[in-house]
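Enquirer: Sharing a structure with you now.
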Amino acid sequence: MTQARRGNSFEKAFLEAVDEGLSMLGESGRDVVYLRLQTTYAIKREDIISNLEIFAQCLRKIFGSGAEVIEKAIIKSLYGKLGMKFVEKKGYGFLEYLNEAKSAVAVKEIHRAN
């Protein structure tokens with residue numbers, strides 16, 4: 001699998017996980033988050049993967065400490081889509097879990113290629 005294709009499969013799983021995580025807010029709540037990203041940060045839904053820090057910042061600005069609940073729902077959904085088991089780790093936040101998932105996918109793809 002090429003790097004671009006591998007990235008696309010991870011990106012697809014991530015965007016689906018974001019949709020599912022934000023669905024706890026209801027459809028209109030999810031749409032508000034996407035609208036805020038677009039109007040305040042000029043980031044479309046499909047561009048979130050390239051702007052993870054800004055996405056996390058946007059969630060914190062809208063929901064305060066409640067953003068952690070949404071982030072965890074996104075991570076749990078993503079890990080499930082990737083066939084990974086989610087285990088809470090001390091000192092890990094949203095971005096650390098995402099990096100761990102990206103690394104795990106890359107390692108799996110390297111093993112498949114060999």
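The values are calculated or read from the model by the stated rules, or taken from the named source; none is laboratory data. Computed from a predicted model, the values in this text were never measured in an experiment. All Cβ positions, glycine included, derive from the backbone under ideal geometry; neighbour counts span all protein chains shown.
Enquirer: Out of region 93-114, which residues are outside any helix (DSSP H, G or I) and farther than 14 Å from L52 by Cβ?
Expert: Matches in region 93-114: N114 only.
Enquirer: Consider E96 against the criteria (1) among the acidic types (D, E); (2) at pLDDT below 95; (3) under 19 Å from A13 (Cα atoms); (4) loosely packed, with under 13 Cβ neighbours inside 10 Å: it satisfies all of them except one. Which criterion is unmet?
Expert: So the condition that E96 fails would be (2).
Enquirer: Another one. Among the basic types (K, R), modelled with pLDDT of 95 or more and farther than 13 Å from F10 by Cα, is that true of K90?
Expert: Working: among the basic types (K, R): yes; modelled with pLDDT of 95 or more: no; farther than 13 Å from F10 by Cα: yes.
In short, no.
Enquirer: Can you work out which of the residues in region 76-89 that are small (G, A, S) and assigned to a helix (DSSP H, G or I) is surrounded by the fewest Cβ atoms within 10 Å (Cβ to Cβ)? Don't jump to the end; show me each part of the working.
Expert: Within region 76-89, the subset small (G, A, S) is 77, 80, 83.
Applying the additional criterion that residues be assigned to a helix (DSSP H, G or I) yields 77, 80.
Working: S77: 20, G80: 14.
Per the stated criteria, the residue is G80.
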